[in-house]
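Student: Input: one structure, supplied below.
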């Protein structure tokens, strides 16, 4: 098997690094060698790009030594050694140095790759306040009289409006700014982003004072988020002069507002941080956000000033190179408990607020809900209870109905009864078997003649009878039917269309995936919002096998049907849904991410990270279940989503409402997705 599938570069990622060498003030040869030591380590790790601190070849704290020819010449000599060494290093490097151009001195970043200088970027904004006196030694970029410079025998671009693009990695296009450039109201990188840069780089020295580290995080996080970019930030570490300042050597890598990597601060040793940046994800986010294109158009004068320098490096495309970033197994559910509790609280309140608004606006004071004793209807009932509390209405205005059928287990029936009791709603029970039997008899179904024929018609007659009863009871009692089906079921088409569980007057669960619903129910139980006895009932629901309970089995104590044996594990299918719906990734990339998240961590092939479940899936299982998802999502189920009831969107992970995140033809084919699925190997051989 080709190693390309197991290589991160095959799936729109790029490995980037930030290096913090130990430096010596005004000793460029030493600083260049320390820089190359880190660059070589980064190259061995398969890195495409590495960034070093501001004025790293000279050190930042040279003060008036910057006006000494000996130092400036030594920096050029040090740069020459880096350029020569780069012939053997399959990556691009960005180093900082002072450079005299047309009788003026500039604080510069020099971009080097494959034995040549690609360009020089001068600093745009010079701090001259507080402890900084850069304007004493340097000139700002707009003082330059030329947009090119002769350096080491080569004429190269000399401008802050230069982008650098990897020809054999088209989505890797980076822009360089220097320290203070990020701290101004409109950083140069803002316009660079609109010109096409996906990776933003900041060569900083940045001394440390109390509170500054946190502010750096805020600046880098917000700039990466606003620009829909990755942002690499580096600052000076050990070796800089402590005459009036101290240095912590902080390095950061952010992607679209999220921290991917951070260095240890105040280290006595040189250090290197890596991150695998998802360039495809950034590109798709820009394509999705229409206002990004609006910004390009409105700032076209600034955008037109940028030019691009192309280069190629010998990236390790044909070796096994797994992802060096954590991929959450449950993208809808934070792994950190505090964040998970916050997420559950917010989702719960969104659902409650939406239902409160619907009831208030309509003037309707009652809701009707089918209570099966399973996960989805349990959570919907909890939402209804909180909504009644918010409206100041009695919970008896919730008309809860459990409707045992041919396959209802004793366990779920008991749980349904207990739930309605602890919630305090109006509870009733309707045995749907007589009406279902009549329907089966009317249509001539073999079951009505005593045959054990449990086909889809047999199942849907029960689903239809339940929904029909709910709607007629709502008519009779002056209420609205609350839908309970979740986002995962809608994605997979695991619902009965029309007069079935696909339909309701209002569905509080329609944009909540199954994996999150289980945590919502657990959160309500653990926080004691329904009392101790109620928490015990909820825990029983959580421990119950997920089942539609439509086909009779041998046991009356447990559901016989197992939903996940038909449509695949919800934990995998929710993972597939998230990356297909939210980002539009190809099946091969979804499988690669899934292997990073769900593969055998003990095998040492994938980085360890926080996870909730202990399950693991090999590539064969991942491919098989992804195939189920793709066929059901793209081929079988859209017609059910096209006319789905109103429902609140609860998260940025997306909804399937045709009025929201997903509009698709009901008669489309799944051909292109299934063909792409075939490119995924059956085994991840090493």
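Student: Restricting to the stretch 72-82, count the residues that are crowded, with 21+ Cβ neighbours inside 10 Å and either at pLDDT below 95 or more than 37 Å from the chain's Cα centre (by Cα) (or both). Let's see the steps before the verdict.
Tutor: Taking the stretch 72-82 first, the residues crowded, with 21+ Cβ neighbours inside 10 Å are 75, 78-79, 82.
Now narrow it down to the ones that are either at pLDDT below 95 or more than 37 Å from the chain's Cα centre (by Cα) (or both): 75, 78-79.
Selection size over the stretch 72-82: 3.
Student: Considering each of 85, 74, 78 in turn, give the residue that is in a helix (DSSP H, G or I), over 18 Å from residue 272 (Cα atoms), in contact with a strand residue (DSSP E or B) (Cβ under 8 Å, 6 or more places away or on another chain) and assigned by TED's automatic domain parsing to the domain that holds residue 27. First the steps, then the outcome.
Tutor: Details: 85 fails: in contact with a strand residue (DSSP E or B) (Cβ under 8 Å, 6 or more places away or on another chain); 74 fails: in contact with a strand residue (DSSP E or B) (Cβ under 8 Å, 6 or more places away or on another chain).
78 is the lone residue from the list that is in a helix (DSSP H, G or I), over 18 Å from residue 272 (Cα atoms), in contact with a strand residue (DSSP E or B) (Cβ under 8 Å, 6 or more places away or on another chain) and assigned by TED's automatic domain parsing to the domain that holds residue 27.
Student: What number of residues within the stretch 381-408 satisfy the criterion of being outside any strand (DSSP E or B) and within 19 Å of residue 530 (Cα to Cα)?
Tutor: So the answer is 17.
Student: Looking only at the stretch 147-172, which residues are surrounded by 14 or more Cβ atoms within 10 Å (Cβ to Cβ) and outside any loop (DSSP other than H, G, I, E, B)?
Tutor: Residues satisfying the conditions are 148, 149, 151, 156, 157, 158, 162, 163, 164, 165, 166.
Student: Continuing with this model, one more query. Take the residues in the stretch 18-70 that are touching a helix residue (DSSP H, G or I) at 6+ places or on another chain (Cβ under 6 Å) and in a helix (DSSP H, G or I), then tell me which one is surrounded by the most Cβ atoms within 10 Å (Cβ to Cβ).
Tutor: That would be 28.
Student: Among what's in the stretch 109-136 and is assigned to a strand (DSSP E or B) and touching a helix residue (DSSP H, G or I) at 6+ places or on another chain (Cβ under 9 Å), pick the residue that is surrounded by the fewest Cβ atoms within 10 Å (Cβ to Cβ).
Tutor: Narrowing the stretch 109-136 to residues assigned to a strand (DSSP E or B): 109-113, 116-122.
Applying the additional criterion that residues be touching a helix residue (DSSP H, G or I) at 6+ places or on another chain (Cβ under 9 Å) yields 110, 112-113, 116-117, 121-122.
Details: 110: 25, 112: 23, 113: 24, 116: 14, 117: 23, 121: 29, 122: 25.
Filtering the stretch 109-136 for residues that are assigned to a strand (DSSP E or B) and touching a helix residue (DSSP H, G or I) at 6+ places or on another chain (Cβ under 9 Å), the one surrounded by the fewest Cβ atoms within 10 Å (Cβ to Cβ) comes out as 116.
Student: From the list 237, 196, 214, which residue is buried (at least 20 other Cβ atoms within 10 Å of the Cβ) and either assigned by TED's automatic domain parsing to the domain that holds residue 263 or over 24 Å from the mean Cα position of the chain (by Cα) (or both)?
Tutor: Values: 196 fails: buried (at least 20 other Cβ atoms within 10 Å of the Cβ); 214 fails: buried (at least 20 other Cβ atoms within 10 Å of the Cβ).
It is 237.
Table: residues versus (1) under 30 Å from residue 386 (Cβ atoms); (2) touching a residue at least 12 places away in the same chain (Cβ under 8 Å); (3) surrounded by fewer than 18 Cβ atoms within 10 Å (Cβ to Cβ).
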{"position": "397", "(1), (2), (3)": "yes, yes, no"}
{"position": "404", "(1), (2), (3)": "yes, yes, no"}
{"position": "420", "(1), (2), (3)": "yes, yes, no"}
{"position": "440", "(1), (2), (3)": "no, yes, no"}
{"position": "444", "(1), (2), (3)": "no, no, yes"}
{"position": "448", "(1), (2), (3)": "no, no, yes"}
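Yes/no per residue for (1) closer than 18 Å to residue 570 by Cβ; (2) at pLDDT below 95; (3) buried (at least 18 other Cβ atoms within 10 Å of the Cβ):
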{"site": "616", "(1), (2), (3)": "yes, yes, no"}
{"site": "631", "(1), (2), (3)": "yes, no, no"}
{"site": "638", "(1), (2), (3)": "no, no, yes"}
{"site": "670", "(1), (2), (3)": "no, no, no"}
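Student: Then there is this: Can you tell me which of (1) outside any helix (DSSP H, G or I); (2) in contact with a strand residue (DSSP E or B) (Cβ under 7 Å, 6 or more places away or on another chain); (3) farther than 23 Å from residue 59 by Cα is the one residue 200 doesn't meet?
Tutor: Answer for residue 200: the failing condition is (3).
Student: Can I ask one more? Which condition breaks for residue 537 when tested against (1) without any contact (Cβ under 8 Å) to a residue 24 or more places away in the chain; (2) crowded, with 22+ Cβ neighbours inside 10 Å?
Tutor: Condition not satisfied by residue 537: (1).
Student: Considering only residues of the stretch 137-146 that are more than 39 Å from the chain's Cα centre (by Cα) and part of a loop (DSSP other than H, G, I, E, B), which is surrounded by the fewest Cβ atoms within 10 Å (Cβ to Cβ)?
Tutor: Going through the qualifying residues, I end up with 145.
Student: While we're looking at this one, here's another question. Condition first: over 24 Å from residue 284 (Cα atoms) and at pLDDT 95 or above. Can you find one or more residues in the stretch 9-18 that meet it? Give the steps one after another, and end with the answer.
Tutor: Of the residues in the stretch 9-18, the ones over 24 Å from residue 284 (Cα atoms) are 18.
When the remaining residues are screened for being at pLDDT 95 or above, the result is 18.
Yes, because at least one residue in the stretch 9-18 is over 24 Å from residue 284 (Cα atoms) and at pLDDT 95 or above.
Student: Shifting gears a bit: Check off (1) in a helix (DSSP H, G or I); (2) crowded, with 19+ Cβ neighbours inside 10 Å; (3) over 24 Å from the mean Cα position of the chain (by Cα) for residue 248 and give me the number that stays unchecked.
Tutor: Of the numbered conditions (1) in a helix (DSSP H, G or I); (2) crowded, with 19+ Cβ neighbours inside 10 Å; (3) over 24 Å from the mean Cα position of the chain (by Cα), the odd one out for residue 248 is (1).
Student: In a loop (DSSP other than H, G, I, E, B), surrounded by 14 or more Cβ atoms within 10 Å (Cβ to Cβ) and touching a helix residue (DSSP H, G or I) at 6+ places or on another chain (Cβ under 8 Å), is that true of residue 454?
Tutor: Details: in a loop (DSSP other than H, G, I, E, B): yes; surrounded by 14 or more Cβ atoms within 10 Å (Cβ to Cβ): yes; touching a helix residue (DSSP H, G or I) at 6+ places or on another chain (Cβ under 8 Å): yes.
It is true that residue 454 is in a loop (DSSP other than H, G, I, E, B), surrounded by 14 or more Cβ atoms within 10 Å (Cβ to Cβ) and touching a helix residue (DSSP H, G or I) at 6+ places or on another chain (Cβ under 8 Å).
Student: Among the residues of the stretch 409-424, what is the count of those that are over 39 Å from the mean Cα position of the chain (by Cα) and closer than 22 Å to residue 529 by Cα?
Tutor: 4
Student: Checking residue 286 against (1) under 25 Å from residue 217 (Cα atoms); (2) free of Cβ contacts under 8 Å to residues at least 40 places away in the same chain; (3) under 22 Å from the mean Cα position of the chain (by Cα), only one condition comes out false. Which one?
Tutor: Exception for residue 286: condition (2).
Student: Let me ask something else. Just one of (1) in contact with a helix residue (DSSP H, G or I) (Cβ under 6 Å, 6 or more places away or on another chain); (2) over 28 Å from residue 284 (Cα atoms) trips up residue 187, so point out which.
Tutor: (2)
Listed here are the residues, each with its yes/no results for (1) part of a helix (DSSP H, G or I); (2) in contact with a helix residue (DSSP H, G or I) (Cβ under 8 Å, 6 or more places away or on another chain).
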position	(1), (2)
280	yes, yes
292	yes, yes
326	no, no
331	no, yes
346	yes, no
355	yes, yes
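Student: Quick check on this structure: which one of 280, 264 is surrounded by fewer than 19 Cβ atoms within 10 Å (Cβ to Cβ) and in contact with a strand residue (DSSP E or B) (Cβ under 9 Å, 6 or more places away or on another chain)?
Tutor: Going through 280, 264 in turn, just one is surrounded by fewer than 19 Cβ atoms within 10 Å (Cβ to Cβ) and in contact with a strand residue (DSSP E or B) (Cβ under 9 Å, 6 or more places away or on another chain): 264.
Student: While we're here: Restricting the search to the stretch 595-608, which residues are modelled with pLDDT under 50 and exposed (fewer than 15 other Cβ atoms within 10 Å of the Cβ)?
Tutor: Kept after step one, since they are modelled with pLDDT under 50, are these residues of the stretch 595-608: 603-608.
Selection gives 603, 604, 607, 608.
Student: Hey, another quick one. Being surrounded by 18 or more Cβ atoms within 10 Å (Cβ to Cβ) and closer than 25 Å to residue 413 by Cβ narrows it down to one residue among 499, 481; which is it?
Tutor: Details: 499 fails: surrounded by 18 or more Cβ atoms within 10 Å (Cβ to Cβ).
From the options 499, 481, the qualifying one is 481.
The values are calculated or read from the model by the stated rules, or taken from the named source; none is laboratory data. From a predicted model like this one, the values you see are computed outputs, not experimental measurements. Cβ atoms come from the backbone with ideal geometry, glycine included; neighbour counts cover every protein chain shown.
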